[in-house]
Amino acid sequence: MEYTRITFRIPVDLHQELMEASEENSRSMNAEIIARLRLASGLPDGEEQTLTAAQVRQIVREELRTAKNLPDQLDGDSPPYVVKK
């Protein structure tokens, strides 16, 4: 992939938010900005989709809610949310 170098100014609070998010998502500030721009513009990554930690937590919450709604498929002797085979 070819890149173009640009310079721009952003508000201090946004810079702080991006720094924190990049650390939480284990990627560079540049990668965080690119991921957010791609997500906002609907552009494909060209690779597997990168999910933020918040997105992963949301997916897990939704899956757990689904599992809670299936009590007849849960094994009562197993840890919560383990589906019987």
- Could you please find all residues in the stretch 1-34 being over 20 Å from Arg57 (Cα atoms) and assigned to a loop (DSSP other than H, G, I, E, B)? Met1, Glu2, Tyr3, Thr4, Arg5, Ile6, Thr7, Phe8, Arg9, Ile10, Pro11, Ser28
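Any idea how many residues of the stretch 40-54 are modelled with pLDDT under 80 and either within 22 Å of Glu17 (Cα to Cα) or surrounded by 11 or more Cβ atoms within 10 Å (Cβ to Cβ) (or both)?
8
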- Task: Quick one: Met29 ticks every box in (1) on the phi > 0 side of the Ramachandran plot; (2) at pLDDT 85 or above except a single one, so which number is it?
- Result: (1)
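The values are calculated or read from the model by the stated rules, or taken from the named source; none is laboratory data. Here the structure is a predicted model, which is why all the values come from computation and not from measurement. Every residue, glycine among them, receives a Cβ derived from its backbone with ideal geometry; neighbour counts consider all protein chains shown.
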